[in-house]
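Working notes, beginning with the structure itself.
The values are calculated or read from the model by the stated rules, or taken from the named source; none is laboratory data. On a predicted model such as this, the values are computed, not experimentally measured, just so you know. Note that we place each Cβ from the backbone using ideal geometry, even for glycine, and neighbour counts take in every protein chain shown.
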Amino acid sequence: MRPSFWKVLRQSPLLSLMSCLLLFVSLPVSAAPRSVEKLEVGSFNLQVFGESKVNKPHVIDPVIQILARYDIVFIQEIRDDKGHAIYKLLDKLRAYT
């Protein structure tokens, strides 16, 4: 059985960094709105982020408010074997913005 993509990334910090950089570099420049004067980029260590944190409003609401400030955010320490927490986070972020 092949390891999941997320497990491979967790085991190799260098591969994780390279994947993020590749994703960032591959973003099409033409997709950015022309009227934007600056691009806000951030990095956020969510410290063992998984199902339990995403389901606690007093934890996730401030996280959503912070993430909404940025155009691009690199999130660290996602630890979710099922892979559902990050999608719940994205759904909550979309609903907020």
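SER52 - would you say it is among the hydroxyl-bearing types (Ser, Thr, Tyr) and within 12 Å of the chain's Cα centre (by Cα)?
Working: among the hydroxyl-bearing types (Ser, Thr, Tyr): yes; within 12 Å of the chain's Cα centre (by Cα): no.
Taking the combined requirement at face value, the residue does not satisfy it.
When you scan the stretch 59-68, do you find a residue that is modelled with pLDDT of 90 or more, farther than 23 Å from VAL41 by Cβ and surrounded by fewer than 16 Cβ atoms within 10 Å (Cβ to Cβ), even just one? It would help to see each step written out before you state the result.
Filtering the stretch 59-68 for residues modelled with pLDDT of 90 or more gives 59-68.
If we keep only those that are farther than 23 Å from VAL41 by Cβ too, we end up with 59.
Keeping just the survivors that are surrounded by fewer than 16 Cβ atoms within 10 Å (Cβ to Cβ) gives 59.
Within the stretch 59-68, one or more residues are modelled with pLDDT of 90 or more, farther than 23 Å from VAL41 by Cβ and surrounded by fewer than 16 Cβ atoms within 10 Å (Cβ to Cβ).
Pull out all pairs, ordered by first then second residue, where Cβ-Cβ is under 7 Å, the residues are six or more apart or on different chains, the first lies in the stretch 65-92 and is more than 28 Å from GLU37 (Cβ to Cβ) and touching a residue at least 12 places away in the same chain (Cβ under 8 Å), and the second is in a helix (DSSP H, G or I) and of a type outside the set (A, V, I, L, M, F, W, C).
Partner pairs satisfying both residue conditions: ASP80/GLU51; HIS84/GLU51; ALA85/GLU51.
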